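The next block holds one structure in the form of structure tokens; read it before the comments.
Read-outs: derived from the displayed coordinates by stated rules, not from any lab. Since the structure is predicted, the reported quantities are computational estimates derived from the model, not experimental observations. Glycine also receives a Cβ, built like all others from the backbone with ideal geometry; neighbour counts cover every protein chain displayed.
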């Protein structure tokens, strides 16, 4: 499954990507920073490639959350709004997905 994660810290990106990959999934991240047109375009591409989008609300601006939800709705992708996403919570989320086909 392709998972899009919007928000979070750059320093945890590689760790979360490795956790997803070890369980047969692919994680793509976006910081939620929408400064400049390229950032919005990267967010749109992430949503279009994702099977599911996770949005961290505690760290993202209202505009980033709103835009991500709008893009996901347009692309018919499910969205989960999460206040935070710690390592243990992310591992539990991956376990709930089960093994990919």
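Hey, fewest Cβ within 10 Å first, where do 11, 49 land in order?
Least to most surrounded, the residues fall as 11, 49.
Helix 10-22 against the longest principal axis of the chain: what's the angle in degrees, Cα atoms only, rounded to the nearest 10?
40 degrees
Divide by every residue of the chain the summed helix terms, -39500 (n - 2.57) for each DSSP H run of at least 4, and state the resulting mean residue ellipticity at 222 nm, rounded to the nearest 500 deg cm²/dmol.
-16000 deg cm²/dmol
What do you get for the angle between helix 87-97 and the principal long axis of the chain? Use alpha-carbon atoms, 0 to 90 degrees, nearest ten.
80 degrees
Multiplying the sequence separation of residue 11 and residue 41 by 0.36 nm and subtracting their Cα-Cα distance, what value in nm do you get?
That pair, residue 11 and residue 41, stretches by 8.6 nm at full extension.
Using Cα Rg over 2.2 N^0.38 Å as the read-out, say which of [x] 1.54; [y] 0.99; [z] 0.94 was calculated from these coordinates.
[y]
Could you state the angle between the C-alpha long axis of helix 62-75 and the longest principal axis of the C-alpha atoms of the chain, as a value from 0 to 90 degrees rounded to the nearest 10?
With both axes taken from Cα atoms, the answer is about 70 degrees.
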